[in-house]
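To start, the structure itself, in structure tokens.
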Amino acid sequence: MEVTMNKYNRVVLKLSGEALAGDLGYGIDPIVIQSVARQVKEIVELDVEVAIVVGGGNIWRGMAGSAKGMDRATADYMGMLATVMNSLALQDSLEDIEVQSRVQTSIEMRQVAEPYIRRKAIRHLEKKRVVIFAAGTGNPYFSTDTTAALRAAEIEAEVILMAKNKVDGVYSADPSVDENAVKYTEITYMDVLKEGLAVMDSTASSLCMDNNIPLVVFSILEEGNIKRAVLKEEIGTIVRGAN
């Protein structure tokens with residue numbers, strides 16, 4: 001068992017739904033989700049306690065539905081159900097490679113998952129089971145970024161690992177449209193909020209800042225990056241509270 005290694009011991013891994021779509025652009029790419037499962041297994045084998053929050057944008061985006069005239073709360077609830085589908089798919093991939101996992105949902109659906117109970121989630125983590133938090137916070141108007149920040153605070157995670165599929169860190173501007181965009185190796189939450197950087201939404205950033213939870217932003221596209229982030233290697237961008 002790795003006991004002297006410089007690593008995080010309890011983490012929240014935040015995966016965007018779009019990342020699971022891979023090159024398909026929609027739905028779940030089996031190759032991508034199997035890659036994620038293998039990478040999660042790597043860090044579980046390092047004796048790391050792993051919780052995961054998955055978005056639902058590969059299936060449904062509440063904001064997009066709202067923009068087209070749908071009731072915002074209804075659109076957001078549909079998005080929460082999309083995250084449950086992603087979470088069950090990820091659980092299946094993990095169990096297929098003999099990684100014990102549990103899905104906990106903020107909206108009760110006992111036939112497919114456990115309800116979210118903080119103490120039970122922590123107990124699962126202590127038993128080295130991967131816990132996948134689904135259905136967001138259970139409330140409309142809150143993103144899965146905010147879910148990751150909230151659950152990280154609740155389970156006392158040391159860090160949030162934000163795996164991206166389009167960028168490999170935090171930039172001063174969108175690197176896909178601005179060739180002069182500069183990548184940060186480290187930045188504070190206050191600067192993220194002041195500069196309006198699209199790292200996570202402002203509610204999530206404020207929650208992380210208030211609870212002193214660091215965030216590591218990196219690319220999911222290169223296999224092994226989750227392990228590198230857990231081992232505190234120089235990868236992507238680290239976002240911290242003000243020094």
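The values are calculated or read from the model by the stated rules, or taken from the named source; none is laboratory data. Small disclaimer: the values here were computed from a predicted structure and weren't measured. We place every Cβ from the backbone using ideal geometry, glycine too, and count neighbours over all the protein chains shown.
Filtering region 100-125 to residues that are of a type outside the set (S, T, N, Q) and without any contact (Cβ under 8 Å) to a residue 12 or more places away in the chain leaves Glu108, Arg110, Pro115, Arg119, Arg123.
Restricting attention to region 178-223, which residues are touching a strand residue (DSSP E or B) at 6+ places or on another chain (Cβ under 7 Å), in a helix (DSSP H, G or I) and β-branched (Val, Ile, Thr)? Once the filter is applied, which keeps residues that are touching a strand residue (DSSP E or B) at 6+ places or on another chain (Cβ under 7 Å), in a helix (DSSP H, G or I) and β-branched (Val, Ile, Thr), region 178-223 yields only Val192. Taken over region 76-94, the criterion of being without any contact (Cβ under 8 Å) to a residue 60 or more places away in the chain and among the charged types (D, E, K, R) is satisfied by Asp92 alone.
Rundown of residues vs (1) modelled with pLDDT of 95 or more; (2) touching a helix residue (DSSP H, G or I) at 6+ places or on another chain (Cβ under 7 Å); (3) farther than 23 Å from Val217 by Cα, yes/no style:
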| position | (1), (2), (3) |
| --- | --- |
| Ala75 | no, yes, yes |
| Ala89 | yes, yes, yes |
| Ser93 | yes, yes, yes |
| Pro115 | yes, no, yes |
| Val130 | yes, yes, no |
| Asn139 | yes, no, yes |
| Ala153 | yes, yes, no |
| Ala157 | yes, no, no |
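Have a look at Lys183, Lys166, Lys128 and point out the one that is surrounded by fewer than 16 Cβ atoms within 10 Å (Cβ to Cβ), charged (D, E, K, R) and closer than 22 Å to Leu88 by Cβ. Step through it out loud before you land on a result.
On the way: Lys183 fails: closer than 22 Å to Leu88 by Cβ; Lys166 fails: closer than 22 Å to Leu88 by Cβ.
Unique residue meeting the criteria: Lys128.
Within region 40-75, the residues that satisfy the criterion of being under 30 Å from Gln100 (Cβ atoms), touching a residue at least 24 places away in the same chain (Cβ under 8 Å) and over 19 Å from the mean Cα position of the chain (by Cα) are Leu46, Asp47.
Looking at this structure, is Lys232 in contact (Cβ under 8 Å) with a residue 60 or more places away in the chain and part of a helix (DSSP H, G or I)? Write out each step before concluding.
Values: in contact (Cβ under 8 Å) with a residue 60 or more places away in the chain: yes; part of a helix (DSSP H, G or I): no.
Criteria not met by Lys232.
Could you look through region 154-169, keep only residues that are in a strand (DSSP E or B) and closer than 17 Å to Lys232 by Cβ, and pick out the one that is farthest from the chain's Cα centre (by Cα)?
If we filter region 154-169 for residues that are in a strand (DSSP E or B), which is where we start, we get 159-164.
Of the ones still in play, those that are also closer than 17 Å to Lys232 by Cβ are 159-163.
Values: Val159: 11, Ile160: 7, Leu161: 7, Met162: 5, Ala163: 7 Å.
Filtering region 154-169 for residues that are in a strand (DSSP E or B) and closer than 17 Å to Lys232 by Cβ, the one farthest from the chain's Cα centre (by Cα) comes out as Val159.
When you look at Asp145, is it in contact with an Asp or Glu (Cβ under 6 Å, 6 or more places away or on another chain) and touching a residue at least 12 places away in the same chain (Cβ under 8 Å), yes or no? Judged against the criteria, Asp145 is a match. The requirement of being β-branched (Val, Ile, Thr), over 20 Å from Thr147 (Cα atoms) and either in contact with a helix residue (DSSP H, G or I) (Cβ under 6 Å, 6 or more places away or on another chain) or without any contact (Cβ under 8 Å) to a residue 60 or more places away in the chain (or both) is satisfied by Ile97. Filtered by the rule that a residue be modelled with pLDDT under 95, assigned to a helix (DSSP H, G or I) and buried (at least 17 other Cβ atoms within 10 Å of the Cβ), region 36-67 gives Gly62, Gly65, Ser66. Residue-level check: of (1) surrounded by fewer than 20 Cβ atoms within 10 Å (Cβ to Cβ); (2) within 24 Å of Asn9 (Cβ to Cβ); (3) touching a Phe, Trp or Tyr at 6+ places or on another chain (Cβ under 7 Å); (4) not aromatic (Phe, Trp, Tyr), Arg151 misses just (1).
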